[in-house]
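Heads up: the structure comes next, in structure tokens.
The values are calculated or read from the model by the stated rules, or taken from the named source; none is laboratory data. Here the structure is a predicted model, which means the values were calculated and not measured. All Cβ positions, glycine included, derive from the backbone under ideal geometry; neighbour counts span all protein chains shown. Ligands, DNA and RNA are stripped out before the accessible areas are found, and what is left, the full protein with its side chains, is counted by its heavy atoms. Shrake-Rupley method; radii C 1.70, N 1.55, O 1.52, S 1.80 Å.
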Amino acid sequence: MSNGIIKKIAGPLVVAKNMKSANMFDVVRVGDFKLIGEIIEMHEDEASIQVYEETSGLGPGSIVESTKVPLSIELGPGLVGSIFDGIGRPLKLIMKIAGNNLKRGVDVFSLDRKIKWNFAPCLKSNQNVSTGDVIGYVEETPIVTHKIMIPNGVSGKIKEIYEGEFTVNQSIAIVVDSQSNEIPIKMMQTWPVRVGRPYKKKLSPNIPMITGQRVIDTLFPIAKGGVAAVPGPFGSGKTVVQHQLAKWAEVDIVVYIGCGERGNEMTDVLNEFPSIIDPKTGNSLMERTILIANTSDMPVAAREASIYTGITIAEYFRDMGYSVALMADSTSRWAEALREMSGRLEEMPGEEGYPAYLGSRLSSFYERAGRVQIFGDERNSSENEALNDFRTEKDQSDFSDYEDSNLKSRSREGILTVIGAVSPPGGDLSEPVCQATLRIVKVFWGLDSSLAYKRHFPAINWLNSYSLYVDSFLKWYDVNVSSDWMDVRKRILKLLSQEAELEEVVKLVGIDALSSKDRLKLETARSVREDFLHQNAFHEVDTYTSLKKQYLLMKLILEFFDKANLAIDENANIEKILSIPVREKIGRFKYIKDLEIQKEYEIILQSIIKQTSATLESEDLYAQGV
């Protein structure tokens with residue numbers, strides 16, 4: 001260790017001298033309490049340190065010890081279902097040591113060293129391995145199989161591999177590298193949180209992530225490996241949206257980061273997530289969830305580390321080949337931590353006091369998302385033996401040209417989708433964090449407090465939200481849903497846009513001044529809002545809607561609109577058209593179970609045709625004086 005001396009203290013910022021042998025981003029221990037900190041700036045022998053714990057009681061002259069390693073997180077069995085603080089310390093273990101009153105300087109491992117995990121190898125001795133290769137499995141939870149991988153930078157031949165129960169820091173295999181060095185392989189890896197984990201290639205985000213939320217899947221979809229922002233004022237339903245996505249989104253692992261949110265809100269998350277039943281498995285949602293709990297009453301600096309801790313864990317599971325969703329709530333609080341530390345460092349402020357590098361820090365976080373081709377293979381023993389036999393007969397450089405699909409290394413994909421909540425003060429979307437985020441992300445789900453007050457959830461405003469991924473999904477929708485999906489979607493959006501324009505007219509001259517066709521547009525748009533966009537998260541059926549059901553519901557609404565328009569052209573009375581009984585059936589279609597939707601769709605379709613035609617017949621009788 002390298003020792004320095006505290007020169008100055010300003011809240012969470014500590015300046016220490018005699019730190020010439022330390023490096024940027026080294027973890028340090030500050031003062032007699034051994035507070036955890038990280039070097040964020042170096043000037044000759046002086047180091048500026050952001051301390052992740054309360055600094056009261058520290059004074060100039062106290063010792064600062066550098067550990068010579070960057071802020072890192074332990075990755076291995078034991079992550080899933082755990083709750084960590086912003087710097088990766090497990091809260092349950094801290095409570096065992098410190099009780100309910102959190103003490104400063106508590107130093108605990110991220111992964112429990114006492115728990116033994118049953119390791120089942122999938123490879124044998126004398127088989128070649130390289131970075132990312134899966135060598136065995138641990139059943140971490142009934143839902144998640146933890147894949148034990150060769151660490152980054154390690155390659156060679158397996159000398160020994162064991163089977164049985166081991167702790168995370170015990171060797172489960174020995175790999176001999178090209179220099180004849182024996183490298184012990186453990187179930188645990190350590191990775192610096194500020195460095196993105198490597199991958200072979202980033203792939204195009206051209207596959208939608210299905211969430212079962214109609215306003216998202218239909219109007220503003222997000223890609224697998226995409227990035228989205230959910231800005232909204234207090235009470236607009238950010239937590240509702242994130243809970244629904246965690247529960248229903250097409251992902252294997254969920255990483256939820258509570259970054260500086262109010263203590264009571266984070267407490268609700270910690271209480272609710274274990275009690276939420278995962279609809280895919282029937283078990284607790286926590287069996288595929290990792291929580292990072294960093295509340296607003298913790299030191300500001302710890303917020304800055306929390307999103308890096310969370311995304312590093314998410315990348316680790318991505319490297320196993322899983323689809324991972326990371327939810328950060330909220331990046332506004334993280335940006336506030338940047339602003340405070342920047343102010344204490346006396347840097348030149350940018351807009352509203354935020355540092356000039358706010359945008360680059362945000363982009364470096366979001367760019368770690370993606371659908372990627374990952375390193376390593378996941379093969380069974382017989383495949384590996386065949387590969388080894390082949391490699392002894394053929395020059396390694398020619399191996400990539402070998403076409404036998406049973407022997408060639410398979411391309412593996414991993415997915416990391418990032419959804420960041422933004423909490424602009426007063427819902428002001430023009431503030432710097434929101435604007436910097438919008439320049440980076442490709443999906444914007446703008447939450448509207450007025451919709452939330454009307455109990456319209458998800459409270460995503462369809463007039464200012466957008467998705468830039470839509471065009472890249474055209475082929476996928478053609479193959480997996482219907483060739484006219486995009487046309488139907490455009491018509492729905494057009495109706496909603498026309499409704500906004502007509503409502504301005506109604507405010508001025510009243511609804512009676514509208515033509516029959518304009519009144520029909522208003523009523524159809526209301527049906528889109530209430531019957532399609534509004535979704536009850538607590539209803540057994542309505543909480544999740546398949547793409548097929550979403551498509552059929554849109555078709556029914558538009559079929560009514562088209563048939564009613566034809567009836568109006570034949571001089572049908574608008575009041576009679578709007579009062580036909582089938583409209584109630586259209587509204588209740590979202591509560592029909594998937595097994596019955598096609599049959600119900602056909603019934604409602606026929607009813608629309610018959611009942612709109614019946615309005616014409618009654619008009620004919622009226623014209624004849626009957």
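Please go through the stretch 137-156 and pick out each residue that is on the phi > 0 side of the Ramachandran plot and either aromatic (Phe, Trp, Tyr) or modelled with pLDDT of 95 or more (or both).
The one that is on the phi > 0 side of the Ramachandran plot and either aromatic (Phe, Trp, Tyr) or modelled with pLDDT of 95 or more (or both): Gly156.
Somewhere in the stretch 401-411, is a residue among the hydrophobic types (A, V, I, L, M, F, W, C) and modelled with pLDDT of 90 or more?
no
Which numbered condition in (1) part of a strand (DSSP E or B); (2) over 22 Å from Thr167 (Cα atoms) is the only one that Asn118 fails?
All conditions pass for Asn118, except number (2).
Which members of the stretch 412-447 meet the condition of being open to solvent by less than 20 Å² (accessible area, probe 1.4 Å) and over 20 Å from the mean Cα position of the chain (by Cα)?
Matches in the stretch 412-447: Glu431, Pro432.
Under 6 Å between Cβ atoms, at least 6 apart or on separate chains: pull out the pairs that start in the stretch 471-482 with a residue that is farther than 14 Å from Ile222 by Cβ and end on any residue that is part of a helix (DSSP H, G or I) and not hydrophobic (A, V, I, L, M, F, W, C).
Final answer for the pair search is Val481/Tyr551; Ser482/Tyr551.
Of the conditions (1) under 29 Å from the mean Cα position of the chain (by Cα); (2) open to solvent by less than 30 Å² (accessible area, probe 1.4 Å), Val175 satisfies every one except a single condition; which number is it?
For Val175, the exception is condition (1).
Among all residue pairs at least 6 apart or on different chains, which show Cβ distances below 8 Å where the first residue, located in the stretch 48-61, is in contact (Cβ under 8 Å) with a residue 40 or more places away in the chain and the second is exposed (fewer than 15 other Cβ atoms within 10 Å of the Cβ) and in a loop (DSSP other than H, G, I, E, B)?
If the second residue must be exposed (fewer than 15 other Cβ atoms within 10 Å of the Cβ) and in a loop (DSSP other than H, G, I, E, B), the pairs left are Glu53/Gly105.
Determine which member of the set Lys92, Lys147, Lys96, Lys103 is part of a loop (DSSP other than H, G, I, E, B) and either surrounded by fewer than 18 Cβ atoms within 10 Å (Cβ to Cβ) or under 29 Å from the mean Cα position of the chain (by Cα) (or both). Explain how you work it out, then say what you get.
Values: Lys92 fails: part of a loop (DSSP other than H, G, I, E, B); Lys147 fails: part of a loop (DSSP other than H, G, I, E, B); Lys96 fails: part of a loop (DSSP other than H, G, I, E, B).
Only one candidate qualifies: Lys103.
Listed residues Glu504, Glu499, Glu530; which is within 31 Å of the chain's Cα centre (by Cα) and closer than 29 Å to Val422 by Cβ?
Glu530
Where the second residue is open to solvent by less than 50 Å² (accessible area, probe 1.4 Å) and part of a helix (DSSP H, G or I) and the first is within 16 Å of Ser467 (Cα to Cα) and lies in the stretch 489-500, which pairs have Cβ atoms under 7 Å and are six or more apart or on separate chains?
From residues that are within 16 Å of Ser467 (Cα to Cα), the pairs are Arg489/Thr218; Arg489/Leu219; Ile492/Val528; Ile492/Met554; Leu493/Leu219.
With respect to Ser613, determine if the residue is among the hydroxyl-bearing types (Ser, Thr, Tyr), open to solvent by 40 Å² or more (accessible area, probe 1.4 Å) and free of Cβ contacts under 8 Å to residues at least 24 places away in the same chain.
No; evaluated as a whole, the condition is false for this residue.
Would you be able to tell me the number of residues in the stretch 120-133 that are buried (at least 21 other Cβ atoms within 10 Å of the Cβ) and under 31 Å from the mean Cα position of the chain (by Cα)? Quick ask: steps written out before the conclusion?
The first filter runs over the stretch 120-133 and keeps only residues buried (at least 21 other Cβ atoms within 10 Å of the Cβ), leaving 123, 129, 132-133.
Of the ones still in play, those that are also under 31 Å from the mean Cα position of the chain (by Cα) are 132-133.
Summing the residues that are buried (at least 21 other Cβ atoms within 10 Å of the Cβ) and under 31 Å from the mean Cα position of the chain (by Cα) in the stretch 120-133 gives 2.
Exactly one condition in (1) β-branched (Val, Ile, Thr); (2) outside any strand (DSSP E or B); (3) modelled with pLDDT of 95 or more is not met by Ile185; state its number.
Status for Ile185: all satisfied but (2).
List every residue pair whose Cβ atoms sit under 7 Å apart, with the two residues 6 or more apart in sequence or on different chains, where the first one lies in the stretch 410-438 and is part of a loop (DSSP other than H, G, I, E, B) and the second, anywhere, is surrounded by fewer than 16 Cβ atoms within 10 Å (Cβ to Cβ) and polar (S, T, N, Q).
Here the result reads Ser411/Gln373, each pair linking the stretch 410-438 to a residue that is surrounded by fewer than 16 Cβ atoms within 10 Å (Cβ to Cβ) and polar (S, T, N, Q).
Taking into account only those residues within the stretch 287-334 that are of a type in the set (S, T, N, Q) and part of a loop (DSSP other than H, G, I, E, B), which is least open to solvent (accessible area, probe 1.4 Å)?
Out of the qualifying residues, it is Ser330.
May I ask you to list pairs of residues, at least six apart or on different chains, whose Cβ atoms are under 6 Å apart, with the first in the stretch 102-127 being under 18 Å from Gln170 (Cα atoms) and of a type in the set (Ser, Thr, Tyr) and the second being assigned to a loop (DSSP other than H, G, I, E, B) and at pLDDT below 95?
These pairs meet every condition: Ser110/Gly88.
Hey, can you tell me all the residues within the stretch 14-28 that are touching a residue at least 40 places away in the same chain (Cβ under 8 Å), closer than 17 Å to Thr55 by Cβ and surrounded by fewer than 22 Cβ atoms within 10 Å (Cβ to Cβ)?
Val27, the sole residue that qualifies.
If you go through the stretch 1-13 one residue at a time, how many are aliphatic (A, V, I, L, M) and surrounded by 16 or more Cβ atoms within 10 Å (Cβ to Cβ)?
3
If I filter the stretch 289-344 down to residues being within 22 Å of Leu438 (Cα to Cα) and among the charged types (D, E, K, R), which single residue comes out as modelled with the highest pLDDT?
Arg339
Based on what the data block shows, is Gly225 of a type outside the set (Phe, Trp, Tyr), modelled with pLDDT of 80 or more and assigned to a loop (DSSP other than H, G, I, E, B)?
Considered against the rule, which asks whether it is of a type outside the set (Phe, Trp, Tyr), modelled with pLDDT of 80 or more and assigned to a loop (DSSP other than H, G, I, E, B), Gly225 comes out as yes.
Is there a residue being outside any helix (DSSP H, G or I), open to solvent by 10 Å² or more (accessible area, probe 1.4 Å), modelled with pLDDT of 90 or more and under 30 Å from Asp542 (Cα atoms) anywhere in the stretch 278-286?
no
State all residues of the stretch 113-147 that are aliphatic (A, V, I, L, M) and in contact with a Cys (Cβ under 9 Å, 6 or more places away or on another chain); if no residue qualifies, say none. So that I can check it myself, show each step before the final result.
Applying the first criterion (aliphatic (A, V, I, L, M)) to the stretch 113-147 yields 115, 120, 123, 129, 134-135, 138, 143-144.
Result: Val134, Ile135.
Out of the residues in the stretch 300-341 that are over 14 Å from Trp191 (Cα atoms) and acidic (Asp, Glu), state the one that is nearest to the chain's Cα centre (by Cα).
Out of the qualifying residues, it is Asp329.
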